[in-house]
Amino acid sequence: MADFETPQTHEFPVIPTVMEGAMAHSSPFVASAEFQSEMGFPGDGGLIEGWKDRFLDLLDDKLGKYRSLQVFMDTCVKCGACTDKCHYFLGTSDPKNMPVARQDLLRKVYRRYHTFAGKYFPKLVGAIDLTEDVVNDMYSYYHQCSECRRCAVFCPFGIDTAEVTMAARDILAQVGLGQKYSNQIIPKVHKIGNNLGLPEKALADTLEGLEEDVEDDTGVKVRFPLDEKGADILLVTPSADFFAEPHVDGLMGYGKVFHAAGVSWTLSSKASEAANFGLFIGSYEQMRQVSLRIRDAAKELGVKRIVFGECGHAWRVAYNHLNTLAGPWDFLDQSYPIPQHILEFTKDCLDRGILNIDKSQNDDMTLTFHDSCNIARASRIGAEPGSQFTTPREVIKAVCNNFYDMSADTIHDATFCCGGGGGLLTDDLMELRVKGALPRMESLKNVIADKGVTHMAAICAICKSQFTKVLPYYGMTMDQIVSVHQLVGNAIILDGQGDDADESDDADEAA
Amino acid sequence: MTALSIIYVILFYLAMITLVVGVANKIVQYVRVPAPLKIAVTPAPITRGGVVYRFFTEVVFFNSLFRATKWTWIFGWIFHLSLLLAFFRHLRYVISPNSFLWPLVNLEVVQSFGKYAGFAMLFGLTGLFVRRIFVDRVRYISSPSDYLMLLLIFAIAGTGLLMSFSKEVGISGVDIIQLKAFVMGLFLLDWQSLPGDIILLVHLTMVLFLMMIFPVSKLLHAPGLFFAPTRYQVDNPREKRHLSDWGAAIEAKDGRNA
């Protein structure tokens, strides 16, 4: 299938022996001038003239702007608590994929130019000069981090490698080493409205097709409105929901929930994307620009509420940063959370008993749930701390009869990244993605063996796409990953669905 | 006063100033640099009180480290706890018998716990050192300074123990009455002679060195712990708008948040 070996899964996790340089060859394509310039970055696939001074100036600037970076550069004691926590280390054995070693790529340079010990006794404290080799190493290994923050959970000082990765990626992009994948995608959001570059017309056609699919299936006309002024709710969802499997089944699920709840809602062609790759590349400015589309769309459409669809990093940005970057939201209805997660909406409907649920519709599946890293470690889905774990599970259990969790050290805030998050969901990083999926695949295989689980549900577009791709490498099938709202959609019995649906089934059989 | 005493008086002041000014300087830096975004690692407390509790569990029990690795936790926690006990024992050198704190410091339990804590400290440090050498992952991330720091503190604890148990090992004891006079003199600006025992001088020199390198080494983890936005931030971004000065400046420029 590829020119690398899929790692072995085990019944119990194995911490590998370090193999230096095991992933030194892994590096995503560098953005050419075309994609760099659209983002306002210099360079054409390589370092710019005078990159070294620029790099150090930018580092200086970052240290003055981000308390996280400044503090994290100083406080690490090299205790080793994080060394066996990263899925990329566990899957590749490359020591530079240990969170502390990844941070050290930048910390060694920080020490050399910013600390007394590093300036006068560099060898003693492991400080190094900034050279082209060092920068290339950074480009490689800062693109072997999915910014999932599992390491930060275990660090005694709360050091978050994602903060270091983001800072490093932004500096690299500004000295000529931007990542092609992310830099190609972000301009599409600005120009067209979504990461896919799906224009308004195509989007409208797709939604019309969805309406037909749901009607064929249920006999009920469920609307998927686009740019409808005066709707109450603006749904912002990852663009993968418009066409990819199993994402689209989730979107049909949201539509059914809204329909059954009797609320008016709309999608926006301008904000037809929940994803915000500004987070991945560590650019406050980009993250803000992408967020502001949602503000503009909400104002133009005159909605009262904003609801986000199933997407991990999008929810991290929406939950934590939308208020900061695109607020204040004083023009929206303050009696609902701003923004609200689709699961918060659905959970509320279930609690109020306004959805007609037939759990047996999902009896052909035994489910487990994958906590997406950004949702688990950077948000809530509900009022209480930890509701990001309970809400999705409660919704799944409300619509399915068969549910089992994976082992305790691989769920909740100890969950493993799918292996494709943080701007790494690109074909030029396939080896990394497959190897990085190891810990999750291992716990999934074990729950399949122990409990007879058949499907894994997720609430993140990147997780769903990544699993679709890597499940076959581990001897499973791509359709074993499902959307949570796909399960909800399966179980909802819409008003008027009963007999008509049976009739249409009969008609199909007759035809 | 001997020349030796004069040198140590100067060294003490130098070390004290370096430590206080250096750490204060770092803390001022940490306070001044803004945190533009909400990055609390969740589940996170939704109130200030909850954040205090979160830090309590981290500072007192090393909660996250406990979840991460039991070996490092046991060695690290024992080391830090014995450091605290040894610190309490040493307070007798800086607190006057007239002080209201004296009865506390002079408690048998404080003094003997502090005395035997030295052994626990050596145990913890040995564990951390052995781990640093033999666990390949930890060896990979270690610089010479990481080993030397452990050795330095090991030597400080070792010389301290030798003085505490001078009778048992058969060496002459340090005149701690005179030592106390010297230390109190530093604070009262009434300088006294320092006992000339070689073990004491070695012990003190290493302690002074440790104080001086504190602000320029990984010992900054002590104050730095409290400035990690991932831990101190309250999880309330939807309820309360968080905006840094530089974030506000960007907004003011294009007016798009109006």
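Overview of results
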read-out: Largest-first ordering by accessible area, 1.4 Å probe, given options A:Tyr404, B:Tyr116; value: B:Tyr116, A:Tyr404
read-out: Surrounding net charge for A:Ile233, when Lys and Arg each add one and Asp and Glu each subtract one, Cβ distance under 15 Å; value: -1
read-out: For the stretch A:357-392 versus the stretch A:304-346, the gap between their alpha-carbon centres in whole angstrom; value: 18
read-out: Exposure rank, largest accessible area first [A:Trp265, B:Trp77; 1.4 Å]; value: B:Trp77, A:Trp265
read-out: Cα centroid of the stretch A:473-490 to Cα centroid of the stretch B:133-176, whole Å; value: 57
read-out: Relative contact order computed over the stretch A:33-178 (Cα-Cα under 8 Å; 6+ residues apart), in percent; value: 34
read-out: C-alpha center-to-center spacing [the stretch A:406-437, the stretch A:156-180] in angstrom; value: 18
read-out: Selection from A:Cys148, A:Gly126, A:Ile171, by position along the positive dipole direction of the stretch A:33-178 (Cβ); value: A:Gly126
read-out: Principal axes of the protein assembly as shown: Cα extent on each, largest first, Å; value: 109, 56, 54
read-out: For chain A, cysteines whose Cβ has no other cysteine Cβ within reach (under 4.7 Å); value: A:Cys76, A:Cys79, A:Cys86, A:Cys145, A:Cys155, A:Cys311, A:Cys349, A:Cys400
read-out: Check: the stretch A:186-491 dipole with +1 on Lys, Arg Cβ and -1 on Asp, Glu Cβ, in debye; value: 800
read-out: Helix B:3-32 vs. chain B, principal-axis angle (Cα, 0 to 90°, nearest 10); value: 10
read-out: Unit charges at the beta carbon, dipole of the protein assembly as shown: most positive-side option, A:Asn320, B:Ile198, A:Phe258; value: B:Ile198
read-out: Within chain A, percent of DSSP bridges classed antiparallel, to nearest 5; value: 10
read-out: Sum of side-chain charges, A:Ser372 neighbourhood, beta-carbon under 14 Å (Lys, Arg +1; Asp, Glu -1); value: +4
read-out: Cross-link reach list, lysines versus A:Lys78, counting only Cα pairs under 22 Å and skipping chain neighbours closer than eight places; value: A:Lys96, A:Lys108, A:Lys119, A:Lys123, B:Lys26, B:Lys70, B:Lys218
read-out: Accessible area (Å², 1.4 Å probe, nearest 10) - B:Asp254; value: 70
read-out: Computed accessible area, A:His259, all protein chains, 1.4 angstrom probe, square angstrom; value: 70
read-out: Å² of accessible area per residue within the stretch B:68-219, as computed with a 1.4 Å probe and no ligands counted; value: 52
read-out: Ellipsoid equivalent to chain B - semi-axes via the Cα gyration tensor, in Å; value: 41, 24, 19
read-out: Assigned charges on the beta-carbon of Lys, Arg, Asp, Glu; the protein assembly as shown dipole about Cα centre (debye); value: 4700
read-out: Accessible carbon and sulfur surface of the stretch A:33-178 relative to its total accessible area, %, 1.4 Å; value: 49
read-out: Summed residue charge, Cβ within 12 Å of A:Pro439's Cβ, Lys/Arg positive, Asp/Glu negative; value: +2
read-out: Kirkwood hydrodynamic radius over Cα pairs of the stretch A:33-178, then Stokes diffusion coefficient at 10 °C and 1.306 mPa s, in µm²/s; value: 102
read-out: Kirkwood hydrodynamic radius over Cα pairs of the stretch A:186-491, then Stokes diffusion coefficient at 10 °C and 1.306 mPa s, in µm²/s; value: 83
read-out: By accessible area with a 1.4 Å probe, ligands and nucleic acids excluded, highest first: order of A:Arg440, A:Arg54; value: A:Arg54, A:Arg440
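The values are calculated or read from the model by the stated rules, or taken from the named source; none is laboratory data. From a predicted model like this one, the values you see are computed outputs, not experimental measurements. So basically every Cβ, Gly included, is an ideal-geometry build from the backbone, and we count neighbours across all protein chains shown. Surface areas here come from the heavy atoms of the whole protein model, side chains and all, with no ligands, DNA or RNA. Shrake-Rupley method; radii C 1.70, N 1.55, O 1.52, S 1.80 Å.
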